[in-house]
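Before any comments, here is the structure.
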Amino acid sequence: MDIELVQQARDGDADAFAAVMAASADRMYGIAFRILRDHDRAEDALQQALVDMWEDIPGLRDPAKFTAWADRLVVHASYREARRERRWTSRVRQITVDLPGEDRAPGIADREELEGLFRRLTPEHRAVIVLHYYLGLPLADVAATLGIPDGTAKSRLHYAVRSLRAAFEADARSVIPGRTTA
């Protein structure tokens with residue numbers, strides 16, 4: 001990130017802020033989408049994060065830490081959006097039926113299964129997985145980005161991976177023996 005441009009944005013330059021956001025928007029949207037798993041809600045979270053950034057950027061002390069600061073605001077906006085979603089949507093379990101002769105590539109089925117399992121995680125657990133595995137941040141940076149202790153980040157990652165593994169294994173055991181799909 002261009003530190004000079006961030007400093008100009010921090011000093012109130014709207015054009016510099018727009019340039020910084022344009023350079024960061026895809027990354028921030030990717031974070032929000034991977035936490036929320038919904039394009040519309042990710043856009044809402046990103047929009048709220050951008051408003052928060054515009055309001056809070058004058059208080060950014062170290063422009064070199066802009067990316068971590070922006071990521072934290074996106075994650076927290078995603079948390080708020082996830083809580084809003086939980087309040088207003090009902091829990092509907094999708095039941096899929098594999099029909100004989102159905103032509104589905106195994107990779108697509110695996111991705112759909114992983115997507116369903118990932119949705120079962122809390123937004124806090126999804127955020128740690130997204131920041132660590134998708135963005136490749138070390139756990140210390142994940143903790144700093146989220147504003148949580150290192151041990152909490154490690155714990156959340158551990159429990160998120162354990163939950164995914166347990167759910168995957170439970171789903172694998174629930175397959176009816178002797179039944180084959182095409």
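The values are calculated or read from the model by the stated rules, or taken from the named source; none is laboratory data. Note that the coordinates shown come from a computational prediction; the quantities given were computed from them, not determined experimentally. Here the Cβ is made from the backbone with ideal geometry for all residues, glycine too, and neighbour counts use every protein chain on show.
For segment 49-72, does any single residue satisfy the condition of being surrounded by fewer than 10 Cβ atoms within 10 Å (Cβ to Cβ), part of a loop (DSSP other than H, G, I, E, B) and either at pLDDT 55 or above or not assigned by TED's automatic domain parsing to the domain that holds R126 (or both)?
Yes, segment 49-72 contains a residue that is surrounded by fewer than 10 Cβ atoms within 10 Å (Cβ to Cβ), part of a loop (DSSP other than H, G, I, E, B) and either at pLDDT 55 or above or not assigned by TED's automatic domain parsing to the domain that holds R126 (or both).
If we scan segment 85-104, do we find a residue that is at pLDDT 95 or above and among the small types (G, A, S)?
Checked against the condition, which is being at pLDDT 95 or above and among the small types (G, A, S), segment 85-104 yields no hits at all.
What are the residues in segment 131-144 that are crowded, with 16+ Cβ neighbours inside 10 Å and modelled with pLDDT under 90, if any?
Within segment 131-144, L135 is the sole residue that qualifies.
Would segment 6-26 turn up any residue that is without any contact (Cβ under 8 Å) to a residue 24 or more places away in the chain and among the polar types (S, T, N, Q)?
Taking every residue of segment 6-26 in turn, at least one turns out to be without any contact (Cβ under 8 Å) to a residue 24 or more places away in the chain and among the polar types (S, T, N, Q).
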